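All remarks here apply to the structure that follows.
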Amino acid sequence: MPTDDLPETFHVTTDEQLRAVSNLTRHRIMAVLRFEPATITQIAERVGLAKGSSSYHVRLLERAGLVKVVRTRKVRGVTERYYAMAARSIELPDPGVGQPDVLMRHAVADLEASPVDGERHVRMAHLRLTEEQFAQLGARLEALADEYRELSDPSLPDASLVFALFHPAPCEQPRGAPSDLRRPEVADRVRTAVDRADGVLAR
């Protein structure tokens, strides 16, 4: 596989790099280059861009160090450059309180743009875990993603996997305000709604 000799992880540390990966079009260009090198023309065709736009976005990614030229060839006197990712994966900094999560925004945009008749698996589960269980689940999800990344074949159709395991912000009850959740009939309705949400599996 062309990515065998690549570094494992590229750590985004500068504003220039963060701006480069924050753009949805450049995110999709990097997805094209994830498994095999491609030229500006090939990238433009696969992402649905004009060749000039493809060249512009690739230059920004190259300048930020996220992609690189891995080989060239002469075609009718013109040098074609083949670009590839600079590492097998990209690690973004934590977005910080109140800041957008670039990775999740890109994932949602890709999901919404995916074929409506294609198979998909989307689920949200509300859990209550000890810190040890939380860490174990995170490690299992990471390991599962790594396992299937190793099985990826560039000749097969693209598939995207994204997961988020986190502690949501606490819902604070206004001081002195009565809690409707103390009423049994309201608590029952809330539990039922949560149970249904935990069981949602869209295909």
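For the reader, a short list of remarks on this structure follows.
- Taking all protein chains into account, the per residue accessible area for the range 87-159 stands at 82 Å² (1.4 Å probe).
- Heavy-atom accessible area order for THR13, THR39, THR79, largest first, 1.4 Å probe: THR13, THR79, THR39
- Which of ASP110, ASP94 is most accessible, then next, and so on - probe 1.4 Å: ASP94, ASP110
- Placing +1 on the Cβ of every Lys and Arg and -1 on the Cβ of every Asp and Glu, with nothing else charged, gives the range 40-85 a dipole about its Cα centre of roughly 200 debye.
- Projecting label points 7 angstrom from Cα along Cα→Cβ for GLU147 and ARG105 puts them 3.4 nm apart.
- Hz values of 3J(HN,Hα) by residue in the range 73-90 - Karplus curve (6.51, -1.76, 1.60), Gly and Pro given as x: 8, 8, 10, 6, x, 10, 7, 8, 9, 9, 9, 9, 5, 7, 7, 6, 8, 10
- Sites matching trypsin sites (Lys or Arg not before Pro) across the range 1-102 that sit in DSSP coil, with at most 14 neighbouring C-beta atoms within 10 Å: ARG76
The values are calculated or read from the model by the stated rules, or taken from the named source; none is laboratory data. Just so we're clear, the structure is a prediction, and the values are computed from it rather than from any experiment. Note: ideal-geometry Cβ built from the backbone for every residue, glycine included; neighbour counts use all protein chains shown. Only protein heavy atoms, including side chains, enter the accessible area calculation; ligands, DNA and RNA are left aside. Shrake-Rupley method; radii C 1.70, N 1.55, O 1.52, S 1.80 Å.
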